[in-house]
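The values are calculated or read from the model by the stated rules, or taken from the named source; none is laboratory data. What you see is a predicted model, and the numbers here were worked out from it, not measured in a lab. Counting neighbours? That spans all protein chains shown, and the Cβs are built from the backbone with ideal geometry, glycine included. Accessible surface is based on the protein model in full, side chains and every heavy atom, while ligands, DNA and RNA are left aside. Shrake-Rupley method; radii C 1.70, N 1.55, O 1.52, S 1.80 Å.
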There are 2 protein chains.
Amino acid sequence: MVSAGIGAVTPNGNTGEFYSLSDAELNRVVALTVESAGGATVIAGVGHDAARAARLATEAAGLGAHAVMVHQPVHPYQSQQGWVDYHRTVAEAVPGLGVVCYLRSPLITAKALKDLTGACPNVVGVKYAVPDPVRFAEMAAEVPEVTWVCGLAESWAPFYWPGGARGYTSGLVVILPELSLRLLDRLQAGDTGGAMELWRLLKPIEDLRARHGNGNNVSVLKEALAQLGVCRRDVRPPISPLPDSERDEVTAVLRSLRLPVGAA
Amino acid sequence: MVSAGIGAVTPNGNTGEFYSLSDAELNRVVALTVESAGGATVIAGVGHDAARAARLATEAAGLGAHAVMVHQPVHPYQSQQGWVDYHRTVAEAVPGLGVVCYLRSPLITAKALKDLTGACPNVVGVKYAVPDPVRFAEMAAEVPEVTWVCGLAESWAPFYWPGGARGYTSGLVVILPELSLRLLDRLQAGDTGGAMELWRLLKPIEDLRARHGNGNNVSVLKEALAQLGVCRRDVRPPISPLPDSERDEVTAVLRSLRLPVGAA
């Protein structure tokens, strides 16, 4: 990914099965990423209860991460003030690091976000993952002091771009960094037609990931990496490796993209 | 609660802010509950990644809990097989304890549940929290070997009852055990009219809890407990204590139910 030109990497994001790793494993992933990131910015995912999130952030800082991405709180309920306080706890634990909030709830308002950025100048970005480009555009306009990132990956990036997205998260990037970077290039150039051409190219594999209520999200990528000879296809419960029929679909998609599928 | 006649208590459920507690705190809550539960069944909430959930279950068993309730996995994605494997990991760690699954995703099928009960005879109950009584009735009919519990508390209990609910979860029970037990009694007696009369009585406080996308869910109960002189109103981020205006609404509801509101 870094050789291909990716400028920012996120160890311990959803694709990295954040929620299935122990603290020791999470820290090992950060350390290995810092070691291999070259010049890329390392944005370590942190989360769980506020105290654990703050501790993970401090440990990531010690391991050389440049920033942290705070996963949406796992708590089933949240309030505006509670959301602000949660993120403050993390941001204040690592004043020297950039902090990116991962917003998945439409209940969190621009006001809450402004309260947070007012209190914590190191909150520099938002990964916005509510599937609503209108709301995204409104939020981005109201809080221009942070960088807005489409948190729903390539599938949604072209539709968040007009509202102020300046980047997007990606799982696909672990198998197809060049394709993802070409999409970014077209979006930055304002070439919507060119962007949509690439969008159509990557849509089949993103659709396969979205299947079964996103149950395939990570497993498709691990399967692809296994077929490309990069790593094992194993994932941990509550997700599972793909059945044979879907493995064949991954093979077909990779072949259509002319990727060197081996015997895995 | 136990003096009032509650037969089963769940330390480390959502009302207990499960997701905001450390393992040491979770275990202390189980120990204190076992100590004060008298003859009531203690069903300890466990969760997070599979390994941590299994470890918490083992520790709860060691502390004297009779059963565990497995919170829905926090992982943003799950597959049928992954869901089965996750719960198997926990159930097999405590073969001598009853296991209750907490189902919040409509994607988990009766087949997955049957695979689990087939493999793990100690899976004895389901807390079903998908707001869909039709689906609840279908699932309950397809997997009759477990006890089905309405996981959406008193508000939904009367509507899950015809489909096979034999109990319901409750947060309200921490302040109004008698009212909740009267509802149970009416439901067990098949007295729908009587049940709905009680339902209308408890609806205002449940509505207040549901406000702000359920952001008030726990805070209203803590506020009520504080006003009743039982404990402090503190909650941890990402939730927050109620603002003054809503504190007054809690006072009004408690007064209408003739509960002894003190100066808190």
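For the full complex of protein chains and a 1.4 angstrom probe, list A:244, B:191 by accessible area with the highest value first.
Sorted by accessible area, descending: A:244, B:191.
Could you work out the mean count of beta carbons from other protein chains within 10 Å of each residue's beta carbon in B:43-49?
3
Quick one: which residues, 5+ away or cross-chain, put their amide H under 5 Å from the amide H of residue A:152? H built at 1.01 Å from N.
A:169
Rank these by accessible area, largest first, 1.4 Å probe: B:240, A:256.
Result of the area sort, largest leading: A:256, B:240.
Identify all aspartates and glutamates with a Cα-Cα distance to residue A:222 below 16 Å; exclude those on the same chain that are fewer than 8 residues away in sequence.
In chain and number order, the partners are A:17, A:206, A:207, A:234, A:244, A:246, A:248, A:249.
With every protein chain left in place, what is the accessible area of residue A:145 in Å² (1.4 Å probe, nearest 10)?
Number for this one is 90 Å².
Quick one: plug the Kirkwood hydrodynamic radius of chain B (C-alpha pairs) into Stokes-Einstein at 37 °C, 0.692 mPa s, and report D in µm²/s.
Stokes-Einstein gives a translational diffusion coefficient of 173 µm²/s.
Taking the protein assembly as shown on its own, what percent of its Cα-Cα pair distances exceed 31 Å?
Above the 31 Å cut-off, the protein assembly as shown has 50 percent of its Cα pairs.
Calculated from DSSP H runs of 4 or more alone, at -39500 (n - 2.57) each and per residue, what is the 222 nm mean residue ellipticity of chain B, nearest 500?
-14500 deg cm²/dmol
How many angstrom separate the Cα center of segment B:215-261 from the Cα center of segment B:56-107?
Cα centroid to Cα centroid, the span is 31 Å.
Taking the axis about which chain A rotates onto chain B, which residue of A lies nearest it as judged by Cβ position, and how many whole Å separate them?
Axis-proximal residue of A, distance in whole Å: A:74, 2.
Shortest first and in nm with one decimal, please list how far the residue A:114 label point sits from its counterparts in the other copies (point 7 Å along Cα→Cβ).
5.6
How far, in nm to one decimal, is residue A:194 from itself in the other copies if the label point is set 7 angstrom along Cα toward Cβ? Shortest first, please.
Copy-to-copy label distances at residue A:194, shortest first: 7.5 nm.
Taking the label point as lying 7 angstrom from Cα along the Cα-to-Cβ axis, what are the distances from residue B:144 to the corresponding position in the remaining copies, in ascending order and in nanometres?
Here the equivalent label points are 6.6 nm apart from this one.
With a 1.4 Å probe and every protein chain kept in, tell me what percent of the accessible surface of chain A is carbon plus sulfur.
Solvent-exposed carbon and sulfur of chain A make up 54 percent of the total.
Taking all protein chains together and a probe of 1.4 Å, list B:48, B:66 from the most accessible to the least accessible.
Most to least solvent-accessible, the answer reads B:66, B:48.
For residue B:69, which sequence-distant residues (separation of 5 or more, or a different chain) have an amide H within less than 5 Å of its own amide H, given hydrogens modelled in the peptide plane?
Distant-sequence amide H within range of residue B:69: B:44, B:45, B:46, B:100.
Could you tell me the accessible area of residue A:84 in Å² (1.4 Å probe, neighbours in place), rounded to the nearest ten?
Accessible area of residue A:84: about 10 Å².
Leaving out ligands, DNA and RNA but keeping every protein chain, what accessible area does residue B:159 have, in Å² rounded to the nearest 10, with a 1.4 Å probe?
90 Å²
Taking each residue in B:205-218, count the Cβ atoms of any other chain within 10 Å of its Cβ, then average. What number comes out?
Average per residue, whole number: 3.
So if I place +1 on the C-beta of Lys and Arg and -1 on the C-beta of Asp and Glu, and nothing else carries charge, what would the dipole magnitude of segment A:159-251 be about its Cα centre? I want it in debye, nearest 20.
So the magnitude is around 260 debye.
Helix by helix, which DSSP H runs in chain A go 27 Å or more along their axis at the Cα atoms and have an average Kyte-Doolittle hydropathy of 0.5 or more?
Long hydrophobic helices here: none detected.
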